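Here the structure comes first, spelled out in structure tokens, and everything after it is commentary.
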Amino acid sequence: MTAFLVSGIAGTVPGVVGEPYRDASGNEYLPMFVQPVLVYEADRPGLRRAYERALARGITPAIYTQELFATGHDEANRAAVAAVASEDLALVGIAFRAGARTWTRSSIGCGCIRDLGARNPVLAVVE
């Protein structure tokens, strides 16, 4: 689920993915995020708080809801989300990227995130 969540960020935020890697033999490797991806665990109320705080600060999150475990493809995923009002979404994971001052307040309050020195990390919160 975390990979699904952060793929939304990789595919929509310019500059979040770096350049491809190349070894001394000339083999090329796929690029990676330029900042860390931090993954935290929260219960459903914690996920809801992080989601609401992100939205209140103008941050667009990637979301994963309980219903998506039962769908089989991307179109069905979008239909499952579209069928539920935001206040009724059964969130099991969210991810977003924002400046450190913004996302520390939007997160569920893990004290260790400031020690990493990441300016614009990706934050994923999963149940």
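The values are calculated or read from the model by the stated rules, or taken from the named source; none is laboratory data. Quick caveat: nothing in here was measured; it's all calculated off a predicted structure. As a convention, Cβ positions derive from the backbone with ideal geometry for all residues, glycine included, and neighbour counts pool all protein chains shown.
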Open item on the list: Go through the range 48-62 and report how many residues are free of Cβ contacts under 8 Å to residues at least 60 places away in the same chain, touching a helix residue (DSSP H, G or I) at 6+ places or on another chain (Cβ under 7 Å) and either part of a helix (DSSP H, G or I) or of a type in the set (Asp, Glu) (or both).
Closed with: 2
- [ ] Look at Pro45 and say whether it is exposed (fewer than 14 other Cβ atoms within 10 Å of the Cβ), in a helix (DSSP H, G or I) and on the phi < 0 side of the Ramachandran plot.
- [x] yes
Open item on the list: Just to be sure before I move on: is Thr65 without any contact (Cβ under 8 Å) to a residue 24 or more places away in the chain and β-branched (Val, Ile, Thr) in the structure I sent?
Closed with: no
Open item on the list: Being at pLDDT 90 or above, part of a helix (DSSP H, G or I), farther than 20 Å from Ala124 by Cα and over 12 Å from the mean Cα position of the chain (by Cα) is the requirement here; does Ala24 meet it?
Closed with: no
Open item on the list: Any residue in the range 20-43 that is hydroxyl-bearing (Ser, Thr, Tyr) sitting within a Cβ distance under 6 Å of a residue that is loosely packed, with under 11 Cβ neighbours inside 10 Å and not in a loop (DSSP other than H, G, I, E, B)? List the pairs, counting only those 6 or more apart or interchain.
Closed with: Tyr21/Tyr29
Open item on the list: Against the conditions (1) loosely packed, with under 13 Cβ neighbours inside 10 Å; (2) in a loop (DSSP other than H, G, I, E, B), where does Gln35 fall short? Just the number, please.
Closed with: (1)
TODO: For the range 52-61, indicate whether the set of residues that are at pLDDT 85 or above, of a type in the set (Gly, Ala, Ser) and loosely packed, with under 14 Cβ neighbours inside 10 Å is non-empty.
DONE: yes
- [ ] Output the number of residues of the range 81-100 satisfying the condition of being more than 12 Å from Tyr51 (Cα to Cα) and at pLDDT below 95.
- [x] 4
